[in-house]
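To start, the structure under review is shown below, and the notes come after it.
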Amino acid sequence: MNGDTKEKLKSLIKGNVSFDVPLAQYTSLGVGGRADALAFPQDEEDLREILQFAKERDIPYYVLGRGTNVIVRDGGLRGIVISLCRGFRRVRIIGREDDEVLVSAGAGVNLKDLVRFTGERNLTGLEAFTGIPGTVGGALAMNAGAFGSEMRDVVRSVAMMKETGSVTVKQREELRFDYRNLVLPKGSIILRGVLGVGEAKGEEIAAKVKSFQRLRFESQPWNVPTAGSIFKNPEGAPAGQLIDELGLKGYRIGAARISEKHGNFIVNEGDATAAEVLDLMAFIRDEVYGKRGIRLTPEVHIIGEE
Ligand SMILES: Cc1cc2nc3c(=O)[nH]c(=O)nc-3n(C[C@H](O)[C@H](O)[C@H](O)COP(=O)(O)OP(=O)(O)OC[C@H]3O[C@@H](n4cnc5c(N)ncnc54)[C@H](O)[C@@H]3O)c2cc1C
């Protein structure tokens, strides 16, 4: 990105823009190279400016949430990385429909803050998302789920900005969710989602949150750098169970190690490279295919250049 492009981009929006940014610091696994630019639009107007600028100059862009399901390759990312984590953080109750309360949440809101917001107001339905460390935007885009609930069960509508800068709101019936994926028009960025929740006693909600937290702490590595589940669960058996049955837990390449606690998590022991993580993933896929005949596909999004 040349000096003129950098100057123009910086002066274009109210939010912050940084250049040559190490993306390892913006992803939970903590590997990978640098982004040419990282922009934090403050509002829709800022975001529209960025998208139009990117289109005019033919610059690629990529939207990042908390980076908790993303692996950035070691060569980093060309173009503009857009984060809504500073500007799009509003949560509010917008009304009622039948026996549901409708909660609107900005794409940059952390799921844990959303669960806290609803819990404090005796609103139930989001407790299972406790402990998923991403944002509302990332959770909608990934159709995140846990303990039998997925985002598709609670979403009522999603507002998104297309690459042209126009905003559309899609109702639940118009959205196509798959396993860990929401099908979005190319280049679209989720701005906010409306979720439908019920009402319950505060103690019941708190008890559910606590029990989901306990199950998570017991079964997953916590407070260490990971990118969540590396592979999607194939038909028949969870990916973690297949990896465990093949005795692969603890296997490492460089500083990337298969978690002893959960076979479908790769832990960065400190200074792992993306190449080590990706080699470890290739090793797991080969082992599982060779010994069980099952093809694993990544759940994590792998982005950037070698
Ligand atoms: C310890 C740990 C536990 C986890 N447990 C779970 C779990 O139980 N269940 C589960 O489903 N996941 C889990 N994850 C994975 C991850 O937290 C979820 O997928 C989460 O929803 C990703 O949100 P994010 O904001 O980090 O998105 P990112 O990882 O930053 O992005 C994920 C994808 O969403 C896209 N995206 C992000 N924001 C937007 C937006 N505004 N508009 C359009 N696209 C967008 C990105 O481009 C990318 O393709 C876990 C991860 C970790 C590290």
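Output the number of residues of segment 171-194 satisfying the condition of being within 11 Å of the ligand (Cβ to nearest atom) and touching a helix residue (DSSP H, G or I) at 6+ places or on another chain (Cβ under 6 Å).
Selection size over segment 171-194: 4.
Okay, residues lined up against (1) in the same structural domain as Ala146 (by TED's automatic domain parsing); (2) more than 12 Å from the ligand (Cβ to nearest atom); (3) within 23 Å of the chain's Cα centre (by Cα); (4) of a type in the set (Lys, Arg):
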| residue | (1), (2), (3), (4) |
| --- | --- |
| Glu204 | yes, yes, no, no |
| Ala207 | yes, yes, no, no |
| Gln213 | yes, no, yes, no |
| Gly228 | no, no, yes, no |
| Lys232 | no, no, yes, yes |
| Glu245 | no, yes, no, no |
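From the list Leu38, Leu51, pick out the single residue that is out of contact with any helix residue (DSSP H, G or I) (no Cβ under 8 Å at 6 or more places or on another chain) and within 13 Å of the ligand (Cβ to nearest atom).
Numbers: Leu38 fails: out of contact with any helix residue (DSSP H, G or I) (no Cβ under 8 Å at 6 or more places or on another chain).
Just a single option satisfies the conditions, and that option is Leu51.
Would you please list the contacts, defined by Cβ atoms under 9 Å and residues six or more apart or on different chains, that run from a residue in segment 57-80 that is polar (S, T, N, Q) to a residue that is in a helix (DSSP H, G or I) and within 12 Å of the ligand (Cβ to nearest atom)?
What qualifies is Thr68/Gly138; Asn69/Gly138; Asn69/Met142.
Could you pull out the residue among Gln220, Gln241 that is polar (S, T, N, Q) and under 22 Å from Gly67 (Cβ atoms)?
Matching residue, one of Gln220, Gln241: Gln220.
Residue by residue, here is whether (1) outside any loop (DSSP other than H, G, I, E, B); (2) crowded, with 19+ Cβ neighbours inside 10 Å; (3) within 12 Å of the ligand (Cβ to nearest atom) holds:
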{"residue": "Ala105", "(1), (2), (3)": "yes, yes, yes"}
{"residue": "Gly108", "(1), (2), (3)": "no, yes, yes"}
{"residue": "Lys112", "(1), (2), (3)": "yes, no, yes"}
{"residue": "Phe117", "(1), (2), (3)": "yes, no, no"}
{"residue": "Ala128", "(1), (2), (3)": "yes, yes, yes"}
{"residue": "Ile132", "(1), (2), (3)": "no, yes, yes"}
{"residue": "Gly137", "(1), (2), (3)": "yes, yes, yes"}
{"residue": "Leu140", "(1), (2), (3)": "yes, yes, yes"}
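Answer yes if at least one residue in segment 204-223 is acidic (Asp, Glu) and within 22 Å of Asn143 (Cα to Cα), and no otherwise.
Taking every residue of segment 204-223 in turn, none turns out to be acidic (Asp, Glu) and within 22 Å of Asn143 (Cα to Cα).
Specify the residue that is surrounded by the fewest Cβ atoms within 10 Å (Cβ to Cβ); the eligible residues are those in segment 159-212 that are among the basic types (Lys, Arg) and without any contact (Cβ under 8 Å) to a residue 24 or more places away in the chain.
Lys186
Of the numbered conditions (1) within 13 Å of the ligand (Cβ to nearest atom); (2) not in a loop (DSSP other than H, G, I, E, B), Glu56 fails exactly one; give the number of that condition.
(1)
Which of (1) surrounded by 20 or more Cβ atoms within 10 Å (Cβ to Cβ); (2) more than 16 Å from Lys232 (Cα to Cα) is the odd one out, the single condition Lys291 does not satisfy?
If we test Lys291 against (1) surrounded by 20 or more Cβ atoms within 10 Å (Cβ to Cβ); (2) more than 16 Å from Lys232 (Cα to Cα), just (1) comes out false.
Quick one: would you say Leu182 is in a helix (DSSP H, G or I), under 28 Å from Thr297 (Cβ atoms) and not hydroxyl-bearing (Ser, Thr, Tyr)? Let's see the steps before the verdict.
Values: in a helix (DSSP H, G or I): no; under 28 Å from Thr297 (Cβ atoms): yes; not hydroxyl-bearing (Ser, Thr, Tyr): yes.
Criteria not met by Leu182.
Checking the condition assigned to a strand (DSSP E or B), within 19 Å of His301 (Cα to Cα) and in contact with a strand residue (DSSP E or B) (Cβ under 7 Å, 6 or more places away or on another chain), which residue from Val81, Val31, Val17 passes?
Val81
Kindly state which strands (runs of 3 or more DSSP E) lie completely within segment 186-276 and contain at least 3 residues that are within 30 Å of Gln42 (Cβ to Cβ). Let's see the steps before the verdict.
On the way: elements: 189-199, 256-258, 266-268.
So the answer is 189-199.
The values are calculated or read from the model by the stated rules, or taken from the named source; none is laboratory data. Keep in mind it's a predicted model, so treat the numbers as computed, not measured. Ideal geometry is used to build each Cβ from the backbone, glycine not excepted, and the neighbour counts take in all protein chains shown.
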